[in-house]
Amino acid sequence: MLDFIKRLLIAGIMGVFITLLFLGGKTNAQMLEPDTAAEEWIWPTDGVVTDTFGTRNGSHYGIDIAAGLGTPVYSVDSGIVTKSYYSSSYGHVVFVKHHNNLETVYAHLNKRYVEVGHRVKKGESVGEMGNTGRSSGVHLHFEVHESEWTVNKKNALDPVEVLGDIELGESVQAFKQTAERSDALHASAKINTYDESEQNQYIVQKGDTLSYIAQKTNSTVQTLMKINSLTTDVIRPNQVLVIHSQ
Ligand SMILES: [Zn+2]
């Protein structure tokens, strides 16, 4: 009899443990609000916002960003590629699942650079902007889904909830946040004119190298790397560099 009670007790304790584990997991998932991701995510490409979430009678479940053919498209955060294929509607498309339980979709790509299972870093290029699938004009169609993408897109979130507010026709830059942050770190009082003055900015063109830009702007590679907080001399088209005008 005592043995029976003992077993019952053990079963009961185990039950409590399992319940706690389950609840614990659930709480973790709920803690990951889109807001917390906002500080970490970058915009998926450089370009102009040409359509927003919820348009076309609510049937547009993403945001459109237009730029030139072949403009790099970046993963907004680190994650694992869950799909990479060609669809008649999305065209060349890449899906990335992130640690915060959100899944992002990069559609109408000209080329895909990653395959399923690939671990992407934040800012890693997953492909280049294109006009494949059901698309008119070169642009990136970008979606964010809570948990996962589904056929009826019921988990879709407005990407601006995560990336911050943006107006139609406004320009976005993938690495702007990083630049602003490093500016804030380095500059404060001394060089706060950099953001305001367009003369101090240079937009990287296709084929540019840092040494070419240095020569063109009477600067040096070292100076450009330092004021832009670059860790390597690798630059990307449409990247905005701060240039010393003096
Ligand atoms: Zn779209």
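The values are calculated or read from the model by the stated rules, or taken from the named source; none is laboratory data. Keep in mind that what you see is a predicted model, and the values were worked out from it rather than measured. So basically every Cβ, Gly included, is an ideal-geometry build from the backbone, and we count neighbours across all protein chains shown. Quick note on the areas: whole protein, heavy atoms, side chains included, nothing else; ligands and nucleic acids left out. Shrake-Rupley method; radii C 1.70, N 1.55, O 1.52, S 1.80 Å.
Does residue 162 count as at pLDDT below 95, away from the ligand (no atom under 12 Å from the Cβ), of a type in the set (A, V, I, L, M, F, W, C) and touching an Asp or Glu at 6+ places or on another chain (Cβ under 9 Å)?
On the way: at pLDDT below 95: yes; away from the ligand (no atom under 12 Å from the Cβ): yes; of a type in the set (A, V, I, L, M, F, W, C): yes; touching an Asp or Glu at 6+ places or on another chain (Cβ under 9 Å): yes.
Judged against the criteria, residue 162 is a match.
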- Note on the structure: Filtering segment 45-78 for residues that are in a strand (DSSP E or B), within 16 Å of the ligand (Cβ to nearest atom) and within 20 Å of residue 118 (Cβ to Cβ) leaves a count of 1
- Query: For residue 117, all conditions in the list (1) away from the ligand (no atom under 16 Å from the Cβ); (2) in a loop (DSSP other than H, G, I, E, B); (3) within 14 Å of residue 41 (Cβ to Cβ) hold save one; what is the number of the exception?
  - Reply: (3)
- residue 81: crowded, with 16+ Cβ neighbours inside 10 Å, within 16 Å of the ligand (Cβ to nearest atom) and β-branched (Val, Ile, Thr), yes or no? no
- Those residues of segment 84-126 that are touching a residue at least 60 places away in the same chain (Cβ under 8 Å), surrounded by fewer than 21 Cβ atoms within 10 Å (Cβ to Cβ) and either at negative phi or of a type in the set (S, T, N, Q) (or both) come to a total of 3
- Which one is nearest to the chain's Cα centre (by Cα), of the residues in segment 53-77 that are modelled with pLDDT of 95 or more and open to solvent by 20 Å² or more (accessible area, probe 1.4 Å)? 72
- Restricted to segment 139-157, and to residues that are assigned to a loop (DSSP other than H, G, I, E, B) and surrounded by 16 or more Cβ atoms within 10 Å (Cβ to Cβ), which residue is farthest from the ligand (Cβ to nearest atom)? 155
- Would you be able to say whether some residue in segment 225-245 is in contact with a Pro (Cβ under 7 Å, 6 or more places away or on another chain), in contact (Cβ under 8 Å) with a residue 24 or more places away in the chain and surrounded by 17 or more Cβ atoms within 10 Å (Cβ to Cβ)? no
